[in-house]
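S.K.: Handing you this structure, nothing more for now.
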Amino acid sequence: MDIVESVRKIPLQDPPEEDFCAADLTWTKFGNAEHHDEVALIPYDRVDAFIIGECSNVEWPTRFHIERGRKRAIGSLKEYKDDEYLEYRLYWCSFGPENYGEGGGILPSRRYRLNTRNRAARPQSMRGCTCHFVVKRLYARPYLALIIYNERRHINKSGFVCHGPLDRDAIGPGAKNVPYICNEIQQQTMSMIYLGIPEENILEKHIEGIQRYCGSDAKVNSLASQYVHKLGMIIKRSTHELDLDDQASIRMWVERNKKSVFFYQDTSESDPFVLGIQTEWQLQQMIRFGHCSVVVADSTFGIKRLKYPLFTLLVFDSRQHALPVAWVITRSFSKPDMSKWLNALIDRAHSVEPGWRVSGFVIDDAAAEIDLLRDIFCCPVLFSLWRIRRSWLRNIVKKCCNIEVQREIFKRLGAIVYSIWGGVNTSLALEQFLQDFVDQTDFMEYFRASWLPKIEMWLSTMRNFPLASQEASGALEAYHVKLKAKLFDDSHLGALQRVDWLVHKLTTELHSSYWLDRFADESDSFQSVKEEYIASTSWHRALRIPNDAVTFNDKDSFFAKVVSQKESKSTRIVWNPGSEFAFCDCSWSMQGNLCKHVIKVNMVFENIKGCQPSMSLKSFEDILIDLWRKPVDGSVALDLSLAWTQQILDQIEKLVELNNSPDIGTVVNKMPLNWVSKKGRTYNGKPTLRYTLPPANSNPKSLIVYKRSRKRKRLSQLR
């Protein structure tokens, strides 16, 4: 479009519609090459029709007020240009220019009175909108008006839509009459919408929530219905693409969601991309369930399919389910880069709860920076077998056709892992394993390429670190399966290489799913959601199977049978019972997962005398025996080792008693009383009194007078 330097060359436009808007006009660039504006020339008597049309925009309904205005008298200018004004008015969207919202600012006091009758309904509606235009009534031709549109989009200074149906945080003109909606009700409604629950059910639960504050009222119900419908439309229209460029889109998301970002590092020549996400609710759950408990890591998710792998930090909630409390999107897991965002996460937790600390950190990757985790979290590190078990089982089922060969290969791999405590040469055992199954070419190619170069590192990690239990492995695997189902849906395969899409899925659908699960469990509502949440892990599904449903074949216990609870005639066979590498023929196990049948068989198998313990219990016994063997007999080191062992034993006994007790009050009453010294009251900025003996020639009255004079002096200074 060419730049026009004279108003005479701008065409006059008079749309036939009664009301018209900027979209009905053809805009011309007016000015020079260095500075020019988009302008349109219309009859002066059509200005009101233009303003009404702009206010009636479907996407950004609003009103415009006169922010600034000037006038000249006819004949006051002897010389003038063709664009000089007779009247000048700056029209601004009534949702701006001030921003009374979060992070916004207020303009300085005005020297003139605004036309407040045409402004937005309440001060909270001031969202910092930058949309504004100028109407100039031309001095040379008073019957014409020159419209200069400075900012046509209804956005704030950060570039985000700040009101209207496209804004999630919009407060419309009727906000004064909207019933009180707390964060819990709003999050509940949003979670149900994200999960695809029908609008009728959402509205019913929403009205039940607001009636706790507003009571039952037809008007309240009507406004609630409008709110749910509007919120549903906003969520459906929302998109992860804030910009066509993925990197720019992420910058805009970070700018808009600062409260949900605990660390952000953009890509540069020296630094890799790192985005740490943690919502306020996740921070609360991390402090609540992570304090003096275990934090778990699900590392390198989507390393082959996503643009950047996903690292998740989880805690165990009240039902020992894995709950995600932080997501980190990055490709770099080197010690310097991990140190940055881990310290930022710890600092954020300490800013809310200074005494927050963890008792253990569970890893699932032998290549993790274990020393760094020890230094930052100041706790022991445990290792979970779920990733290596899942990877081996999935590829065995996929690459070996014969089921007998499948279970034999899986059993032999488990025996190699168990041999780390038996003093067996693992290199010879691996060599024998490769020779025995040399005919299984597909699996052997996979095993040689993916595991043989690093198998010693993984076995060494299992040998040197405590192993996590099957319950922890099942909870971690349940999160992994749920995450995979949410992200790797067939309808989203084209968006896997965009980071903004991944962030959108995590903070909307996945976050809402876990929030609703916890809310349903704690409030005893949404019974279907609660039941599905409780049964989401294989461990809890295994607890529903009675012990008498498990039978072993003979004294050697080569396999066990589990009777199905849904179909009594159907049974599942579990080979190699009592081992973490047990093999079941159910469909869930054939997908590489830790099924409920394997867990239940191992629970029953532990009660049989003479059977080998689980790997987690074996590693725990090995640590205690190693601790007992190290000191020389009759040395002080032996006393110290016994003291540590007794302390660990006492803590375990208290924990078992607390978990098994139906009433926590009985456990508290058995605890010994701890007598503490009573502290004196202290004041900020005021030192504690120190009682010292006065000099021999001092007079007590002089001391009192001295104190009064000091007080009088302080009062005089205050005046």
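S.K.: Would you confirm whether any residue within the stretch 313-322 is free of Cβ contacts under 8 Å to residues at least 60 places away in the same chain and either more than 25 Å from F581 (Cα to Cα) or crowded, with 19+ Cβ neighbours inside 10 Å (or both)?
M.R.: The answer is yes, given that some residue of the stretch 313-322 is free of Cβ contacts under 8 Å to residues at least 60 places away in the same chain and either more than 25 Å from F581 (Cα to Cα) or crowded, with 19+ Cβ neighbours inside 10 Å (or both).
S.K.: What number goes with the only condition from (1) open to solvent by less than 50 Å² (accessible area, probe 1.4 Å); (2) within 20 Å of V261 (Cα to Cα); (3) outside any strand (DSSP E or B); (4) modelled with pLDDT under 90 that R348 does not pass?
M.R.: So the condition that R348 fails would be (4).
S.K.: Among the residues of the stretch 64-95 satisfying the criterion of being in contact (Cβ under 8 Å) with a residue 60 or more places away in the chain and either assigned to a loop (DSSP other than H, G, I, E, B) or of a type in the set (S, T, N, Q) (or both), which is nearest to D37 (Cα to Cα)?
M.R.: Per the criteria, the residue is D83.
S.K.: Further question: Do we have any residue at all in the stretch 386-407 that's in contact with a strand residue (DSSP E or B) (Cβ under 6 Å, 6 or more places away or on another chain) and among the charged types (D, E, K, R)? Talk me through it step by step, then tell me what you get.
M.R.: Applying the first criterion (in contact with a strand residue (DSSP E or B) (Cβ under 6 Å, 6 or more places away or on another chain)) to the stretch 386-407 yields 407.
Of the ones still in play, those that are also among the charged types (D, E, K, R) are 407.
Yes.
S.K.: Hey, another quick one. Against the definition (in the same structural domain as Y139 (by the TED database), of a type in the set (D, E) and crowded, with 16+ Cβ neighbours inside 10 Å), how does E67 come out, yes or no?
M.R.: Working: in the same structural domain as Y139 (by the TED database): yes; of a type in the set (D, E): yes; crowded, with 16+ Cβ neighbours inside 10 Å: yes.
Yes: the conditions hold for E67.
S.K.: Looking only at the stretch 216-243, which residues are hydrophobic (A, V, I, L, M, F, W, C) and either open to solvent by 80 Å² or more (accessible area, probe 1.4 Å) or in a helix (DSSP H, G or I) (or both)? Give the steps one after another, and end with the answer.
M.R.: Filtering the stretch 216-243 for residues hydrophobic (A, V, I, L, M, F, W, C) gives 218, 220, 223-224, 228, 231, 233-235, 242.
Those that are hydrophobic (A, V, I, L, M, F, W, C) and either open to solvent by 80 Å² or more (accessible area, probe 1.4 Å) or in a helix (DSSP H, G or I) (or both): A218, V220, L223, A224, V228, L231, M233, I234, I235.
S.K.: I need the full set of residues from the stretch 553-563 which are out of contact with any Cys (no Cβ under 9 Å at 6 or more places or on another chain) and without any contact (Cβ under 8 Å) to a residue 40 or more places away in the chain, in order please.
M.R.: N553, D554, K555, D556, F558, F559, K561, V563
S.K.: In addition: Which one is farthest from the chain's Cα centre (by Cα), of the residues in the stretch 244-270 that are part of a loop (DSSP other than H, G, I, E, B) and in contact (Cβ under 8 Å) with a residue 12 or more places away in the chain?
M.R.: This residue is T267.
S.K.: Moving on to the next point. When you look at P354, is it free of Cβ contacts under 8 Å to residues at least 12 places away in the same chain, outside any helix (DSSP H, G or I) and open to solvent by 50 Å² or more (accessible area, probe 1.4 Å), yes or no?
M.R.: Working: free of Cβ contacts under 8 Å to residues at least 12 places away in the same chain: yes; outside any helix (DSSP H, G or I): yes; open to solvent by 50 Å² or more (accessible area, probe 1.4 Å): yes.
In short, yes.
S.K.: Test of understanding: among K596, K569, K600, which residue is out of contact with any His (no Cβ under 6 Å at 6 or more places or on another chain) and either modelled with pLDDT under 90 or of a type in the set (D, E) (or both)?
M.R.: The match here is K569.
S.K.: Can I303 be described as at pLDDT 90 or above and of a type in the set (V, I, T)? Before the answer, list the steps.
M.R.: On the way: at pLDDT 90 or above: no; of a type in the set (V, I, T): yes.
No.
S.K.: Of all residues being within 24 Å of the chain's Cα centre (by Cα), part of a loop (DSSP other than H, G, I, E, B) and not polar (S, T, N, Q) in the stretch 525-566, which is surrounded by the fewest Cβ atoms within 10 Å (Cβ to Cβ)? Just the residue, please.
M.R.: A535
S.K.: All but one of (1) assigned by the TED database to the domain that holds Q265; (2) outside any loop (DSSP other than H, G, I, E, B); (3) more than 25 Å from L617 (Cα to Cα) hold for Q497, so report the exception by its number.
M.R.: (2)
S.K.: When you go through L459, L476 one by one, which is the residue that is touching a helix residue (DSSP H, G or I) at 6+ places or on another chain (Cβ under 7 Å) and not assigned by the TED database to the domain that holds Y308?
M.R.: Selected residue: L459, the only one of L459, L476 that is touching a helix residue (DSSP H, G or I) at 6+ places or on another chain (Cβ under 7 Å) and not assigned by the TED database to the domain that holds Y308.
S.K.: Quick one: which helices (runs of 4 or more DSSP H) lie wholly within the stretch 393-464 and hold at least 3 residues that are closer than 26 Å to E621 by Cα and over 36 Å from the mean Cα position of the chain (by Cα)?
M.R.: 403-418, 426-436
Okay, residues lined up against (1) modelled with pLDDT of 75 or more; (2) assigned to a loop (DSSP other than H, G, I, E, B):
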{"residue": "S619", "(1), (2)": "yes, no"}
{"residue": "W628", "(1), (2)": "no, no"}
{"residue": "D639", "(1), (2)": "no, no"}
{"residue": "V656", "(1), (2)": "yes, no"}
{"residue": "V668", "(1), (2)": "no, no"}
{"residue": "K679", "(1), (2)": "no, yes"}
{"residue": "P694", "(1), (2)": "no, yes"}
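S.K.: Among all residue pairs at least 6 apart or on different chains, which show Cβ distances below 6 Å where the first residue, located in the stretch 226-241, is under 15 Å from Q186 (Cβ atoms) and the second is part of a helix (DSSP H, G or I) and modelled with pLDDT under 80?
M.R.: V228/H206
The values are calculated or read from the model by the stated rules, or taken from the named source; none is laboratory data. Given the structure is predicted, the values throughout are model-derived calculations rather than measurements. Methodologically, a virtual Cβ is constructed for each residue, glycine included, from the backbone with ideal geometry; neighbour enumeration extends over all protein chains shown. What goes into the accessible areas is simple: the full protein's heavy atoms, side chains included, and nothing from ligands, DNA or RNA. Shrake-Rupley method; radii C 1.70, N 1.55, O 1.52, S 1.80 Å.
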